[in-house]
1. Counting only residues 5 or more places away or on other chains, whose amide H sits under 5 Å from the amide H of Ala85 once H atoms are built in the peptide plane?
2. Give the long-range amide H neighbours of His3: residues separated by 5 or more places, or on another chain, with amide H under 5 Å away, using H modelled in the peptide plane at 1.01 Å from N.
3. Put a dot 7 Å past each Cα toward the Cβ at Thr123 and Glu32; how far apart are the dots in nm?
4. Pull up all non-local amide H partners of Val117: gap of 5 or more, or a different chain, and H-to-H distance under 5 Å with H placed in the peptide plane.
5. Send over a whole-number figure in Å² for the accessible area per residue of segment 1-82, probe 1.4 Å.
6. Please report the carbon-and-sulfur percent of the accessible area for the chain; probe 1.4 Å, protein heavy atoms only, DNA, RNA and ligands left out.
7. In sequence order, what are the phi-derived ³J(HN,Hα) couplings for segment 73-83 according to the Karplus relation 6.51 cos²θ - 1.76 cosθ + 1.60 with θ = phi - 60°, rounded to whole Hz, with x for glycine and proline?
8. Please state the charge dipole magnitude for the chain, taken about the Cα centre, from unit charges on C-beta atoms (+1 on K and R, -1 on D and E), reported in debye and rounded to the nearest 20.
Amino acid sequence: MKHVRFAIHTTNGDLTMSNATVKANGGEVTGEKSQSSGIYAGGKVVIDGGTVEALGGAATGKDGQSSGICADGDITVSGTAGVTARGGDIPLADNAGDEATTMLTESYGIFAQGGDVTIHGGTVEAAGGNHTAWS
């Protein structure tokens, strides 16, 4: 079963943050094809000034994905923005029967699925989370 968890989410629209203080934590998810993002936009994300901290939570299960900031469109950071974006950890759920249950694991600080990432000024720190290896 797919589980999604987003602190801030737009399905098809854009998300603009101007000179704001934003803290978004996606939280932990468990299940096949689960996704956790601090900020997720079905359109574009624009951050112009302010301070943004976006954390994806741990995604446990087959094909888990976690990201601090994820958008289907472009992601733009400008002005004096201070952005911290971290993907959550991707732990291996179970390897019963000598088969890994986490097959495709992805953790991103910032992920533009169908667009570009542009940074014009500001400070950006982005990091993916830790992955647990299966042997």
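1. Under 5 Å from the amide H of Ala85: Ala54, Glu125, Ala126, Ala127.
2. Here Ser34, Gln35 satisfy the definition.
3. 4.5 nm
4. Ile75
5. The answer is 43 Å² per residue.
6. 45 percent
7. Listing the rounded values in order: x, 6, 10, 10, 10, 8, x, 9, 4, x, 10 Hz.
8. Around 280 debye, computed over the chain.
The values are calculated or read from the model by the stated rules, or taken from the named source; none is laboratory data. Note that the structure is predicted; figures quoted are calculated from it, not measured. In this analysis, Cβ positions are derived from the backbone assuming ideal geometry, glycine residues included, and neighbour counts consider all displayed protein chains. Side chains included, ligands, DNA and RNA excluded: accessible areas come from the protein's heavy atoms. Shrake-Rupley method; radii C 1.70, N 1.55, O 1.52, S 1.80 Å.
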